[in-house]
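Just so it is clear, none of the values below were taken in a lab; they were calculated from the coordinates. Keep in mind that what you see is a predicted model, and the values were worked out from it rather than measured. Every residue, glycine among them, receives a Cβ derived from its backbone with ideal geometry; neighbour counts consider all protein chains shown.
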Amino acid sequence: AKADAEVKELPVVVKADVQGSAEAIVQALEKIGNENVRVRVLHSGVGAITETDVNLAEASHAPILGFNVRANAPARKAAQQKGVEIRYYSVIYDLVDDVKKAAEGLLTPEVREKFIGYAEIKKVFKVSGVGKVAGCVVTEGVARRSAGVRLLRDNVVIHEGTLKTLKRFKDEVNEVRAGQECGMAFENYDDIREGDVIEIFEREEVQRTL
């Protein structure tokens, strides 16, 4: 298990009409989460939402979840002043689902890599003002100016970075497709040789779910 400091918590205050509902909600909420995020029920009780509930929620920046109950007038006023969110529900599933979505919002997105192409260096040129430029053929997929690149020598990664230039003939282009020739230069790196392979990849952020 991760150290507590690394686990993000979503604090909530629960009020319900009867004890059985309050217990069922708390049990369901405590099951939400994984090693990165969990729900913490600060307080659960029966009856109207009161000013005491609002003060408790404010201290931990927690929403108050009311199941078949409402906030009394002083609690409504206090919640408005303190910026405490009160949400009302009549279906337990809806309440639990909303909390689950809120907890998912605390998860940091997962970064995935997608290989989009390979190019082989056929010749290395020196260009004044640019440095070494690799004359390449895109052997697979597509080369994109905005993508990340890795330089492979005998299938070993020598360098990872970005492209300074992607040219087709004399023109700077955004992408070059398989079978086409192009010129590539790396940002701040020029130990490139004939026969090296350039791996082109993109990173995408995927929002994780519970």
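The figures follow:
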{"read-out": "Dipole moment magnitude, nearest 20 debye, the range 69-131 about Cα centre, only Lys, Arg, Asp, Glu C-beta charged", "value": "280 debye"}
{"read-out": "Summed side-chain charge close to residue 188 - residues other than residue 188 whose Cβ falls under 15 Å, Lys, Arg +1, Asp, Glu -1", "value": "-1"}
{"read-out": "Debye, to nearest 20: dipole size of the chain, +1 on Lys, Arg Cβ, -1 on Asp, Glu Cβ", "value": "500 debye"}
{"read-out": "Residues whose placed amide H lies under 5 Å from that of residue 117, excluding near-sequence neighbours", "value": "142, 200"}
{"read-out": "Gain upon complete extension [residue 208, residue 120; 0.36 nm per residue less C-alpha separation]", "value": "28.1 nm"}
{"read-out": "Those GluC sites (Glu not before Pro) in the range 45-85 that DSSP places in a loop and that have at most 16 other beta carbons within 10 Å", "value": "85"}
{"read-out": "Within-11-Å neighbourhood charge of residue 140 [Cβ basis; K, R +1; D, E -1]", "value": "-1"}
{"read-out": "For the chain, convex hull of alpha carbons as volume per residue, Å³", "value": "187 Å³"}
{"read-out": "Listed residue (22, 95, 73) projecting farthest to the positive dipole end of the range 4-106, Cβ model", "value": "73"}
{"read-out": "Partner lysines for residue 122 [C-alpha distance under 23 Å; skip if fewer than 8 residues away on the same chain]", "value": "132, 164, 167, 170"}
{"read-out": "For the chain, with +1 on Lys and Arg beta carbons and -1 on Asp and Glu, the positive-most of 44, 207, 152 along the dipole", "value": "152"}
{"read-out": "Beta bridge orientation in the chain: antiparallel %, DSSP, nearest 5", "value": "70 percent"}
{"read-out": "Karplus-derived HN-Hα couplings along the range 62-74 (A = 6.51, B = -1.76, C = 1.60, θ = phi - 60°), whole Hz, x at Gly and Pro", "value": "9, x, 9, 10, x, 10, 6, 9, 10, 7, 6, 4, x"}
{"read-out": "HN-Hα J in Hz across the range 149-163 - Karplus 6.51, -1.76, 1.60, θ = phi - 60°, x for Gly and Pro", "value": "9, 10, 9, 10, 10, 6, 6, 10, 6, 9, 7, 10, x, 10, 8"}
{"read-out": "Mean residue ellipticity (222 nm) of the chain, computed from DSSP H runs ≥ 4 via -39,500 (n - 2.57), nearest 500", "value": "-6500 deg cm²/dmol"}
{"read-out": "Charged-residue dipole, Cβ positions (Lys, Arg, Asp, Glu), the range 4-106 about Cα centre, Debye nearest 20", "value": "320 debye"}
{"read-out": "Note, ³J(HN,Hα) from phi for the range 200-208, Karplus 6.51, -1.76, 1.60, rounded to Hz, x at Gly and Pro", "value": "10, 9, 10, 10, 10, 8, 10, 5, 7"}
